[in-house]
Amino acid sequence: MSRPIRVVFFVFYFEAWDALDAVYRGMLADPRFEPIVVTIPRKLTGYDKFRDEKKMSAYLDAQGISHERFKFKKSKDGLARLKELAPDYVFLNYPWQRNYKKYYQIEHLVEFTKVCYVPYFSTSLVQEPGQEGVAPHQYIQPTHQLSHMVFLQDKDTKAAFDREGRQNAFLTGTPKIDALLAAKDTVEPVWPIHRELQPTQQPFRLLWAPHHSYDQGWLNFGHFSDECEPMLAFARTHPEMDIVFRPHPFLFGTLTDRDIMTQDELDQWRSKWDALPNTFTDLGAPITSILLASDAMVTDGVSFIGEYPLVTGKPAIFWEKPDHWEFSPLGKIAEATTVKVHTMEQVEQAISEAQAGTLPERTEQIAALVHAVRPQPATAAQTIIELVAKDYS
């Protein structure tokens, strides 16, 4: 080998860096590889322009990860710089190409390098309406079709790739799952609200995490507009409790873009929420740190219903919206780990049980989920690294 295998991690979705982190760190420690991280801007739902590269960079700085920042106004210039780096492989953790600048989209990357895709989400939990088995958006997008290698979490999605006649999919598990399962031993719990009710007495710590999907066109799990006022009232009447609001990164943009709430309505609610002494809005801290620090979680979906029990060993309180998209077979295993509620009264009852230590444990269901999401004993990151090395040789 004349030089190490050069791999560029081409990223804007810092909220899911954990899908790539172990692969990057493994390559950094491996003399066969030369990994380089590059940060780029993104345009999420509700954004009027591409932005957030600075957030991605700041996140990596906090993790001590050296990186090159692509702050080019024109993505064509960024593409030219990427070509100068001459990567043998480019790793992505986000599939939807509409959120990338034009010349950072996969059809331009594959002209000069091999693209590898590691899904940013932990598990494929949801089926599309009218479809049986794996949702098509998990395997028919340009990212799936044009990538040289796609590293998958579960055997059902691998079978879907195989049925399409493509040979680019590999069942490895996902580094994200490995990171979630290892978090108890490797991650320091961090809670963003610092107060004591009395000397040595800590408040009960509740994490509230609403999803962004709002209609039958896409997932249909989120119902923040129904949750926000009851949760505000709950926070006001429970000063003994800390409540951290962790919105999906797309939530605010979706609310205004789809005319579910006006910007003024959202701003007014945020102002009231953030003014309380026992609340906090978290927009991007490492999620495993907050999960571990919490005593309970309330969420309307999707991935947190599986991720919370994997990290904490406790069930999520699943505030279920009627008529959401059906769960996949794996999603049903994750759903079984939750405590389901449908009204604010039931939410309050479940939180009260969590405070009292009487919330159902779901121990067997969580063990079944762990078994389902880890297809092999080896870590996904090391498996991916060896597959890339073999492909290069």
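The values are calculated or read from the model by the stated rules, or taken from the named source; none is laboratory data. Computed from a prediction, not measured in an experiment: that's the story for all the values here. We place every Cβ from the backbone using ideal geometry, glycine too, and count neighbours over all the protein chains shown.
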Give H137, H148, H144 a once-over and let me know the one that is surrounded by 15 or more Cβ atoms within 10 Å (Cβ to Cβ) and out of contact with any Lys or Arg (no Cβ under 9 Å at 6 or more places or on another chain).
H137
Quick check on H212: is it under 22 Å from E348 (Cβ atoms) and in contact (Cβ under 8 Å) with a residue 24 or more places away in the chain?
no
Of (1) among the acidic types (D, E); (2) within 25 Å of Y214 (Cα to Cα); (3) crowded, with 18+ Cβ neighbours inside 10 Å, D48 satisfies all except one. Which?
(3)
On the basis of being closer than 18 Å to P249 by Cβ, of a type in the set (A, V, I, L, M, F, W, C) and either modelled with pLDDT of 95 or more or in the same structural domain as L310 (by TED's automatic domain parsing) (or both), does L92 make the cut?
yes
Can you tell me which residue within the stretch 338-359, out of those that are within 13 Å of T299 (Cα to Cα) and in a loop (DSSP other than H, G, I, E, B), is farthest from the chain's Cα centre (by Cα)?
T343
If you check Y104, Y120, which single one turns out to be crowded, with 18+ Cβ neighbours inside 10 Å and under 29 Å from K332 (Cβ atoms)?
Y120
Test each condition in (1) outside any helix (DSSP H, G or I); (2) surrounded by fewer than 24 Cβ atoms within 10 Å (Cβ to Cβ); (3) modelled with pLDDT of 95 or more for W325 and report the one that comes out false.
(3)
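So which of T262, T288, T343, T338 ends up being among the β-branched types (V, I, T), under 30 Å from D185 (Cα atoms) and either modelled with pLDDT of 95 or more or surrounded by fewer than 15 Cβ atoms within 10 Å (Cβ to Cβ) (or both)? Steps first, please.
On the way: T262 fails: under 30 Å from D185 (Cα atoms); T288 fails: either modelled with pLDDT of 95 or more or surrounded by fewer than 15 Cβ atoms within 10 Å (Cβ to Cβ) (or both); T343 fails: under 30 Å from D185 (Cα atoms).
None of the other options fit; the residue is T338.
Yes/no per residue for (1) at pLDDT 95 or above; (2) aliphatic (A, V, I, L, M):
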residue: T299; (1), (2): yes, no
residue: G313; (1), (2): yes, no
residue: A316; (1), (2): yes, yes
residue: K321; (1), (2): no, no
residue: Q349; (1), (2): yes, no
residue: S352; (1), (2): yes, no
residue: G357; (1), (2): yes, no
residue: P377; (1), (2): no, no
residue: Y392; (1), (2): yes, no
Within the stretch 313-331, track down each residue that is closer than 19 Å to I243 by Cα and without any contact (Cβ under 8 Å) to a residue 24 or more places away in the chain.
A316, F318
